[in-house]
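All remarks here apply to the structure that follows.
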Amino acid sequence: KAFSQNMFAFTGFLGLSEQDAFWQIEREIEYAGYVLYGGAEETDRKVVRFGNAAELGYEVPFPIVCVHIQPLLAKFADELSHRDFLGALMNLGIERSTLGDIRVGDREAYLFCLDSIAPFICENLTQVRHTHVKCEVVDSAEEVPQEEPEHMTVQVASMRVDAVIAKVYNKSRENCLELFRTQKVYVDGRLCENNSRQLKPSETVNARGYGKFRVLGEARETRKGKLALEVAVYR
């Protein structure tokens, strides 16, 4: 549609498994042009925009806004988790594809969502667990808290993805292999089934159930012949 009608077209928010499906057919559809974006840097859920801006001669922004969810009375608010906020949103009957990442702060959250669903959320999301909340669209991206990763140095025998996961999350080799067997490891949005795959600088690894980390640079060799690798870990 984007290619034949010379226009921009958008998907809803895609989870990691859906992004992997996109990457599997990338070569077949790259003629149309595409960009992935989730509303901010380091988001897991992303929208794909089809259309070639260079050929069209103009840009169309992604239909993504950020909704700030905060308690009416902070001192009486529950300690709320990502699951609490997502559950409250799902109880409104909202399709998951309209919702992006949820960044949780101190009894509050910032939700990336499609602009078409934002008014409905602001009007109807009034309670998360036992906490009464209010919602408003945030105009400035500066208000959205940035994810602060923990910087770590791990020593590994090689840059194999299973070896790095084991060190980052302090897991046994068997635990790591189970992640690959159950298809829970993604590298830059692509499903990784090869546990011996070599990681490269700047790649991001998602290990479902554990979190994600980004490789910050080239590994350096230690005196004992191991590799010291800098990673940024998002809990």
Exercise. Report the residue, chosen from ASN91, ASN195, ASN206, that carries the largest GNM mean-square fluctuation when the chain is represented by alpha-carbon nodes joined by springs under 10 Å.
Key: ASN91
Quiz item: Using θ = phi - 60° and the Karplus curve 6.51 cos²θ - 1.76 cosθ + 1.60, what whole-Hz ³J(HN,Hα) does each residue of region 187-196 get, with Gly and Pro shown as x?
Solution: 10, 6, x, 10, 4, 10, 9, 9, 5, 9
Practice problem: Give me the number: length gained by fully extending GLN5 to GLU41, i.e. 0.36 nm times residue separation minus the C-alpha to C-alpha distance, one decimal in nm. | Solution: 10.0 nm
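Stick to the Cα atoms of region 106-192, pair each with every other, and give me the Kirkwood hydrodynamic radius in Å at one decimal.
Hydrodynamic radius (Kirkwood, Cα pairs) of region 106-192 is 17.1 Å.
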Quiz prompt | Nitroxide proxy distance, nm - points 7 Å out along Cα→Cβ at GLU178 and ASN124 | solution = 3.9
Self-check item: Cα→Cβ-extended label distance, 7 Å offset, between ARG235 and GLU26, nm
Solution: 3.2
Quiz item: In the chain, carbon and sulfur make up what percent of the accessible area (probe 1.4 Å)?
Solution: 46
Quiz item: What's the FRET efficiency of GLU148 with HIS82 using the Cβ-Cβ distance as r and R₀ = 22 Å, to the nearest 0.05?
Solution: 0.90
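Looking at region 180-220, I'd like the Rg to Rh ratio, where Rg is from alpha-carbon atoms and Rh is Kirkwood's inverse mean 1/r.
Values: Rg = 10.2 Å, Rh = 10.6 Å.
Rg/Rh for region 180-220 comes to 0.96.
How do the peptides 8-16, 212-220, 77-85, 108-116 rank, highest first, by the average count of neighbouring beta carbon atoms within 10 Å per residue? Walk me through the numbers on the way to the answer.
Details: 8-16: 18.9, 212-220: 16.9, 77-85: 15.3, 108-116: 20.6.
Descending packing order for the listed peptides: 108-116, 8-16, 212-220, 77-85.
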Quiz item: What label, among [x] 15.5; [y] 11.4; [z] 14.4, belongs to mean projected area of the Cα convex hull in nm² computed from the structure on display?
Solution: [x]
Self-check item: Reachable aspartates and glutamates from LYS184, criterion Cα separation under 20 angstrom, eight or more residues apart if same chain
Solution: GLU18, ASP20, GLU42, ASP44, ASP101, ASP162, GLU174, GLU193, GLU203
Quiz item: What is the pair-distance distribution P(r) of region 83-131, computed from all Cα-Cα distances in 5 Å bins starting at 0, with each bin given as a whole percent?
Solution: 4, 19, 38, 28, 10, 1
Exercise. In whole Hz, with x marking every Gly and Pro, tabulate ³J(HN,Hα) for region 7-14 from phi via Karplus 6.51 cos²θ - 1.76 cosθ + 1.60, θ = phi - 60°.
Key: 8, 9, 9, 10, 8, x, 5, 10
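Give LYS46/LYS212; LYS134/LYS212; LYS167/LYS212; LYS167/LYS226; LYS46/LYS167; LYS200/LYS226 a once-over and call out the pairs whose C-alpha atoms are over 19 Å from each other.
Numbers: LYS46/LYS212 16 Å; LYS134/LYS212 30 Å; LYS167/LYS212 13 Å; LYS167/LYS226 13 Å; LYS46/LYS167 28 Å; LYS200/LYS226 17 Å.
Pairs exceeding the cut-off: LYS134/LYS212; LYS46/LYS167.
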Exercise. Would you mind getting the accessible area per residue of region 89-169, heavy atoms of the protein chains only, 1.4 Å probe, in Å²?
Key: 54
Quiz item: Per the helix-only calculation at 222 nm, which mean residue ellipticity applies to the chain, given -39500 (n - 2.57) for every DSSP H run of n ≥ 4 and division by its residues, nearest 500 deg cm²/dmol?
Solution: -5500 deg cm²/dmol
Exercise. Scan around ILE64 for amide H atoms under 5 Å from its own, H built in the peptide plane at 1.01 Å from N, and keep only partners 5 or more places away or cross-chain.
Key: ASP115
Quiz item: What Cys residues in the chain are without a partner cysteine, judged by a Cβ distance under 4.7 Å?
Solution: CYS66, CYS113, CYS176, CYS192
Quiz item: How much of TYR210 can a 1.4 Å solvent probe reach, expressed as accessible area in Å² and rounded to 10?
Solution: 80
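The values are calculated or read from the model by the stated rules, or taken from the named source; none is laboratory data. Quantities reported herein were computed from a predicted structural model and do not represent experimental measurements. As a convention, Cβ positions derive from the backbone with ideal geometry for all residues, glycine included, and neighbour counts pool all protein chains shown. For the accessible areas, the whole protein counts, side chains as well, though only heavy atoms, and no ligand, DNA or RNA atoms are used. Shrake-Rupley method; radii C 1.70, N 1.55, O 1.52, S 1.80 Å.
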